[in-house]
Amino acid sequence: MENLFHDVRYAVRMLIKAPSFTAIAIVTLALGIGANTAIFSVVNAVLLRNLPYKNPDRLVLIWSVGRDGSPRDQLSFTDIDDYRTQNHVFENVVAFGDWTATFTGSGDPERIPGMQVGDGYFSLMGVTPMVGRGFLPDEQIEGKDQVIVLTYGLWQSRFGADPDIVGKQVQLSGKAYSVVGVTPKNFPMLPVTLVAGPAQFYRPVAEKHDDKERTSRHLRAIARLKPGVTLQRAQSDLQLINRHLAAQFPDEYSTTGVRAVQLQDDIATGLRPTLFVLSGAIGFLLLIACANVSNLLLARATSREKEMAIRSALGATRSRLVVQVLTESVLLAVLGGALGISLAIAGTHAIVGFGSKVIPQLTGVSVDLRVLQFTACLSLLAGICFGLVPALRVSMFGPNEMLKSGIRSTGKEHDVLRNLLAVAEIALSLVLLAGTGLLLRSFSKLLAVDPGFRSDHILTMDVGLPFAKYPAGSLKPLVFYRELLSRIGTLPAVESAGAVSILPLGTNFDTAGMEAEGFLHGPGETLYPERYIVTPGYFQAMGLRLVRGRFLTEGDNENAPLVVLVSETAAQRWWPGQDPLGRHVQVPGFDSGPQPWRTIAGVVQDVKQAGLDAPKTMQVYLPQAQYRDGSLTLVVRTKTDPLSVAGQVRQLVSGIDADQAVSNVTSMDDVLSGSLASRNFSTVLLGSLAGLGLLLSAIGVYGVLSYGVSQRTREIGIRMALGAARKDVLSLVIRQAFKLLWIGSVCGVVAALLLTRFMSSLLFGITAHDPLSFAGVTCFLMVVALVACYIPARRAARVDPMVALRYE
């Protein structure tokens, strides 16, 4: 212990004596360790930290496997009831889904996101309401379901924490609901990857669940495993139930499946590939930082050879010298780690601020105790790694050899080590740049995709007319939207206006099994196109292109023959090589009886619904006048900034019905950019790490060449004294640099070709071995590195021969 104390004290003195070296080493390490800590804080929050639920490892989500193989399709209430009653592995299975309502009666009307939940939801989540109670089984029956449970936050903000709130009536979307309970302040809500929340209140599901509703798949299910039951056993049990259902109902189940997944795994599904790539990137960045500092220590070790020789001559053993140098390197790592924590806190805040709006899992990410422990271990490991090579180098020679060599001798082994570290930095940097180049190329390909509409100058906002006041299928929703769109059209800044049930590139979908005239299919092979309910002005407002036939018009009203428009993909799928105009389709309606045939009046271009990177889908457009729906999204094309018109449109809505409120007010440009936000997040983060790695590599190459020039000053002076021109000296240094760059680039390309295949799932339109990306980043690296070489090369070319010849 006494020796350790002396080593630490001596290390502190030596670092203070070389402030420039110490500052550069600490900052370099801080950048590497800080970046690692910031990314690990995200990994910790999303992949490692336990969810805030009771026994979260036993919480399981149940998904339907879609006909197209999609693993996260929704379920019908009948599906969920079958899984709940027939399983042998779950304590309970509960349905849940979105349910946004307009609160009226106290204060201004307000659209508030909520959830509808099945029987036993609160007990399954391991929570008892703070005030009142949860839902009773009888309240899951339609007609007895007009009860709600408020969250603590909504109880505080809208009802002033009224202690007598239980039993009071509140107005939700035109209906009176009784408050039966309030959740605790720390009630763990489901993440917004599962609901359009965060949910501020809860109501019973209370939907029909008979055999006629099996294809009405718009709900989700959460379950709690019985103690000791594994996820694999639960999956087998659900598949057995699904096979029995497929035998009874082949049309509904023969081409679908069921899937169980732990809640935490489901939440992290979309982020896992990105986080794995970023974890590898920060590992490379730390290696670059360690190589850089190791090079600095090697250079410093050369200047301390005489000191080490004297210590050795005075009795210091080789192990004592190694421990001394390692002590200095670990002390540097500790100081770098301490500064790195500060950088990590700032970096984590930046990541959360940049990404939480588009990746909700990032909300709440912070530098906690586990992250600090990770930083401490990382700093210690880094200190040992970058200090080991210089420490072993110092102990390689005896005191006689070191005293004879003089302070400025280096030896070929020393140069080889420094050159190898510089090559390693270049190679690692190229791997990072290759990943960034692939993401940039992929992102540019994605931006070039035609979404099927013009996103510029479009204002969007949701208007949800309550069923109690505007029943589906009645004339009331039609009259409301006709009047509203007519008034919007008179605004000076408006070019055209329409409305649609589902906005493209949104998170919601509306698919329905449809029959097409002349299209034959087997059991369970019914096609499920996306269904859009639109007003006539929607196509002009969105800038959709007409392929054949005509658009919908005001003449396609409630008294006219039933018509629809279909997308190009739908027309080709149903009637390949044939004219679709005049043919007929059946679309499910508001009742379960036989549906009328509707005539195809036109074909419009395909629209990207699930995302710009999603495959083309079948789409069907129905006029609202012939398929009346009260929950639509306004689409307003403006002559100016679309958000500048939002206030006027909001006033028009209130002017027609003072009890209505709008929500999700935004521009279509923002919707489009939001659909790309997760890819943009990955690209920016990896690009930032690659840029930092490139900077450190350039500094490393500069350091190697600068040190080499200083060690060859006498040689350069002799060359110039014998007639060498400045350009010859410049060429000498550049050749040395180019050799390092060439070797490092070759190694980096080989490593990148092996490693970038792991990021294939993040790419669009290119392969993981895209030659243009690799060529571009290699050239970019060469240019940056050669620029870093220019300063030492120029200094070498300006050496005064007389000064150099006197150099000792």
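The values are calculated or read from the model by the stated rules, or taken from the named source; none is laboratory data. Just so you know, these numbers come straight off a predicted model, no measurement behind them. All Cβ positions, even for glycine, are placed from backbone atoms using ideal geometry, and neighbour counts span all protein chains on display. Please note that ligands, DNA and RNA were not included when accessible areas were found on the heavy atoms of the full protein model with its side chains. Shrake-Rupley method; radii C 1.70, N 1.55, O 1.52, S 1.80 Å.
Observations on the structure shown:
- The number of residues in region 570-582 that are of a type in the set (D, E, K, R) and either at pLDDT 95 or above or outside any loop (DSSP other than H, G, I, E, B) (or both) comes to 1.
- In region 58-80, residue modelled with the highest pLDDT [restricted to those that are over 18 Å from Leu527 (Cβ atoms) and either surrounded by fewer than 17 Cβ atoms within 10 Å (Cβ to Cβ) or basic (Lys, Arg) (or both)]: Arg58
- Whether a residue is at pLDDT 65 or above, open to solvent by less than 80 Å² (accessible area, probe 1.4 Å) and more than 35 Å from the chain's Cα centre (by Cα) was assessed, and Leu805 does not pass this test.
- Only one entry in Lys175, Lys212, Lys185 is surrounded by fewer than 19 Cβ atoms within 10 Å (Cβ to Cβ), touching a residue at least 40 places away in the same chain (Cβ under 8 Å) and within 30 Å of Asp659 (Cβ to Cβ), namely Lys175.
- One residue stands out in region 83-113 among those that are in a strand (DSSP E or B) and hydrophobic (A, V, I, L, M, F, W, C): the one that is surrounded by the fewest Cβ atoms within 10 Å (Cβ to Cβ), namely Ile112.
- Residue match in region 189-198 (condition: over 24 Å from Asn664 (Cα atoms), in contact (Cβ under 8 Å) with a residue 40 or more places away in the chain and within 35 Å of the chain's Cα centre (by Cα)): no
- Among the residues making up region 589-635, a single one is part of a strand (DSSP E or B) and under 27 Å from the mean Cα position of the chain (by Cα): Thr633.
- All positions within region 199-249 that are over 30 Å from Val180 (Cα atoms) and part of a loop (DSSP other than H, G, I, E, B): Arg214, Thr215, Pro227, Gly228, Val229, Thr230, Phe249
- Members of region 328-348 that are open to solvent by less than 40 Å² (accessible area, probe 1.4 Å) and within 24 Å of the chain's Cα centre (by Cα): Ala344, Gly347, Thr348
- Residues that are among the aliphatic types (A, V, I, L, M) and touching a strand residue (DSSP E or B) at 6+ places or on another chain (Cβ under 7 Å) were ranked within region 636-664; the one that is most open to solvent (accessible area, probe 1.4 Å) is Leu643.
- Close pairs from region 246-265: first over 17 Å from Asp73 (Cβ atoms), partner assigned to a helix (DSSP H, G or I) and open to solvent by 20 Å² or more (accessible area, probe 1.4 Å), Cβ under 7 Å, at least 6 apart: Gln262/Asp57; Gln262/Leu231; Leu263/Pro56; Gln264/Pro56
- Residue within region 76-92 that is in contact (Cβ under 8 Å) with a residue 40 or more places away in the chain and in contact with a Phe, Trp or Tyr (Cβ under 7 Å, 6 or more places away or on another chain) present: no
- Identity of the residue in region 101-115, among the β-branched types (Val, Ile, Thr) and closer than 19 Å to Val665 by Cα, that ends up modelled with the highest pLDDT: Ile112
- Any hit, region 593-607, residues being of a type in the set (Lys, Arg) and surrounded by fewer than 18 Cβ atoms within 10 Å (Cβ to Cβ): no
- Qualifying position, being closer than 19 Å to Ala570 by Cβ, outside any strand (DSSP E or B) and open to solvent by less than 30 Å² (accessible area, probe 1.4 Å), among Phe509, Phe480, Phe519, Phe453: Phe453
- Contact annotation: residue pairs with Cβ atoms under 8 Å, 6 or more positions apart or on different chains, pairing a residue in region 371-399 that is farther than 11 Å from Leu326 by Cα and in a helix (DSSP H, G or I) with a partner that is open to solvent by 70 Å² or more (accessible area, probe 1.4 Å) and at pLDDT 75 or above, are Ser379/Val334.
- In region 19-44, the residue that is farthest from Asn186 (Cα to Cα) out of those that are surrounded by fewer than 21 Cβ atoms within 10 Å (Cβ to Cβ) and touching a residue at least 40 places away in the same chain (Cβ under 8 Å) is Phe21.
- Just one of the listed residues (Ala45, Ala25) is part of a helix (DSSP H, G or I), aliphatic (A, V, I, L, M) and modelled with pLDDT of 80 or more, and it is Ala25.
- Scanning region 665-686 for residues that are touching a residue at least 12 places away in the same chain (Cβ under 8 Å) and open to solvent by 20 Å² or more (accessible area, probe 1.4 Å) turns up Val665, Thr666, Asp669, Val671, Leu672, Gly674, Ser675, Ser678, Arg679, Asn680, Val684, Leu685.
- Any pair with Cβ under 7 angstrom, 6 or more apart, that starts in region 567-580 at a residue that is under 25 Å from Pro451 (Cβ atoms) and ends at one that is aliphatic (A, V, I, L, M) and open to solvent by 30 Å² or more (accessible area, probe 1.4 Å): Glu568/Val547
- Residue check for Leu446: in a helix (DSSP H, G or I), of a type outside the set (Lys, Arg), surrounded by fewer than 22 Cβ atoms within 10 Å (Cβ to Cβ) and at pLDDT 80 or above: yes
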